Amino acid sequence: MRGGARLKALIWTVILIAGLYAGYKLIPVYFANYQLEDKMREIARFATVNNMSDEKVRDAVFREIQDRGILARREDIKVQMGPRGVTISLNYTVNVDLILFQRELQFSPSVENRAL
């Protein structure tokens, strides 16, 4: 009976450690995406008010991508400017190594700011 309890405790410990490790690897990736989307929303608002060009918006978003260490290309940033406002979108993939397997996460942050 005692050996079974030890085995059960060992299994739960391994599961807990695996969960903590997965969180350690995944949470920063999701947090970086959240921060990027928030910054994209801010850039969209600023672009609408200041009539920024597509290229200036793309440059500002690309700087944020580089600051967060996200592996996306400048060409992946889609900017649409029009009389109704600005839309910024981006598709990128992050590979996360979880020791036993690799996980490929797809992110597609997209923001829109309408002119008044």
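The values are calculated or read from the model by the stated rules, or taken from the named source; none is laboratory data. These numbers were taken from a predicted model, which means no experiment stands behind them. FYI the Cβ positions are ideal-geometry reconstructions off the backbone, even for glycines, and counts take in every protein chain you see. Ligands, DNA and RNA are stripped out before the accessible areas are found, and what is left, the full protein with its side chains, is counted by its heavy atoms. Shrake-Rupley method; radii C 1.70, N 1.55, O 1.52, S 1.80 Å.
Summary of values
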| read-out | value |
| --- | --- |
| Some residue of segment 88-104 being modelled with pLDDT under 95, open to solvent by less than 90 Å² (accessible area, probe 1.4 Å) and in contact with a Ser or Thr (Cβ under 7 Å, 6 or more places away or on another chain) | no |
| Residue that is surrounded by the most Cβ atoms within 10 Å (Cβ to Cβ), among those in segment 22-36 that are among the hydrophobic types (A, V, I, L, M, F, W, C) and within 21 Å of S110 (Cβ to Cβ) | L36 |
| Residues of segment 70-87 satisfying the condition of being open to solvent by less than 40 Å² (accessible area, probe 1.4 Å) and hydrophobic (A, V, I, L, M, F, W, C) | I70, A72, I77, V79, V86 |
| Selection count where residues are under 29 Å from L105 (Cβ atoms), open to solvent by less than 100 Å² (accessible area, probe 1.4 Å) and over 22 Å from the mean Cα position of the chain (by Cα), scope segment 1-21 | 5 |
| Contacts under 7 angstrom Cβ, first residue in segment 80-94 being without any contact (Cβ under 8 Å) to a residue 12 or more places away in the chain and within 18 Å of D38 (Cα to Cα), partner of a type in the set (A, V, I, L, M) and surrounded by fewer than 16 Cβ atoms within 10 Å (Cβ to Cβ), 6 or more apart | none |
